[in-house]
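Visitor: What follows is a structure written as structure tokens; I'll ask about it next.
The values are calculated or read from the model by the stated rules, or taken from the named source; none is laboratory data. None of these values were measured; they are calculated from a predicted model. Cβ placement follows ideal geometry from the backbone for every residue including glycine, while neighbour counts extend to all protein chains displayed.
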């Protein structure tokens, strides 16, 4: 059995509070909300690296490990795992601080790919 990670991997990129409006019919935070938060963090990481606009082109992997609850602080940590000619692949981890002050647990992880684009939304080579 693999040990649970005890601390986040990657740079803290975003932090937000899970609110009641973000719940699914079962009362837990909707998985799509978590994915959207991860996509935002990935775009920040990739955009800062590319030094231009980036767009999401793929979610290559996604694992939901633990639920997120109302009142949890969701922290997204990001690090670049690959760069191509126009693309950047970012590994993302979502960690929840339970009820804003409690235990920090890894809740979701995923690999997102972004492409650098120009003002006409056409792919452009990464800079330097």
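Visitor: So residue 79 clears everything in (1) within 14 Å of residue 110 (Cα to Cα); (2) at pLDDT 95 or above; (3) crowded, with 16+ Cβ neighbours inside 10 Å except one condition, right? Which one?
Guide: So residue 79 meets the others, but not (3).
Visitor: Do the conditions hold for residue 55, that is, is it at pLDDT 95 or above, farther than 24 Å from residue 8 by Cα, surrounded by fewer than 15 Cβ atoms within 10 Å (Cβ to Cβ) and touching a strand residue (DSSP E or B) at 6+ places or on another chain (Cβ under 9 Å)? Lay out the reasoning, then the answer.
Guide: Working: at pLDDT 95 or above: yes; farther than 24 Å from residue 8 by Cα: yes; surrounded by fewer than 15 Cβ atoms within 10 Å (Cβ to Cβ): yes; touching a strand residue (DSSP E or B) at 6+ places or on another chain (Cβ under 9 Å): yes.
Answer is yes for this residue.
Visitor: What number of residues within the stretch 17-42 satisfy the criterion of being surrounded by 21 or more Cβ atoms within 10 Å (Cβ to Cβ) and either without any contact (Cβ under 8 Å) to a residue 60 or more places away in the chain or closer than 13 Å to residue 110 by Cβ (or both)?
Guide: Of the stretch 17-42, the ones surrounded by 21 or more Cβ atoms within 10 Å (Cβ to Cβ) are 18, 29, 34, 37-38, 41-42.
Checking the rest, the ones that are also either without any contact (Cβ under 8 Å) to a residue 60 or more places away in the chain or closer than 13 Å to residue 110 by Cβ (or both) come to 29, 34, 37-38, 41-42.
Count: 6.
Conditions tested, residue by residue: (1) in contact with a helix residue (DSSP H, G or I) (Cβ under 7 Å, 6 or more places away or on another chain); (2) loosely packed, with under 12 Cβ neighbours inside 10 Å; (3) touching a residue at least 40 places away in the same chain (Cβ under 8 Å).
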{"site": "67", "(1), (2), (3)": "no, no, yes"}
{"site": "89", "(1), (2), (3)": "no, no, no"}
{"site": "121", "(1), (2), (3)": "no, yes, yes"}
{"site": "124", "(1), (2), (3)": "no, no, yes"}
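Visitor: Mind listing whichever residues of the stretch 66-102 are in a strand (DSSP E or B) and more than 12 Å from the chain's Cα centre (by Cα)? Lay out the reasoning, then the answer.
Guide: Of all residues in the stretch 66-102, those in a strand (DSSP E or B) come to 73-83, 87-97.
Answer for the stretch 66-102, where residues must be in a strand (DSSP E or B) and more than 12 Å from the chain's Cα centre (by Cα): 73, 81, 82, 83, 87, 88, 96, 97.
Visitor: Every residue in the stretch 17-60 that is in contact with a helix residue (DSSP H, G or I) (Cβ under 7 Å, 6 or more places away or on another chain) and closer than 28 Å to residue 86 by Cα, please.
Guide: Once the filter is applied, which keeps residues that are in contact with a helix residue (DSSP H, G or I) (Cβ under 7 Å, 6 or more places away or on another chain) and closer than 28 Å to residue 86 by Cα, the stretch 17-60 yields 33, 53, 54, 56.
Visitor: Go through the residues of the stretch 5-18 one by one and say whether even a single one is at positive phi and in contact with a strand residue (DSSP E or B) (Cβ under 6 Å, 6 or more places away or on another chain).
Guide: yes
Visitor: Another one. Can you find a residue that is at pLDDT below 95 and more than 19 Å from residue 112 (Cα to Cα) anywhere in the stretch 6-13?
Guide: yes
Visitor: Something else: Identify, by number, the condition in (1) touching a helix residue (DSSP H, G or I) at 6+ places or on another chain (Cβ under 6 Å); (2) in a loop (DSSP other than H, G, I, E, B) that residue 14 doesn't meet.
Guide: Of the numbered conditions (1) touching a helix residue (DSSP H, G or I) at 6+ places or on another chain (Cβ under 6 Å); (2) in a loop (DSSP other than H, G, I, E, B), the odd one out for residue 14 is (2).
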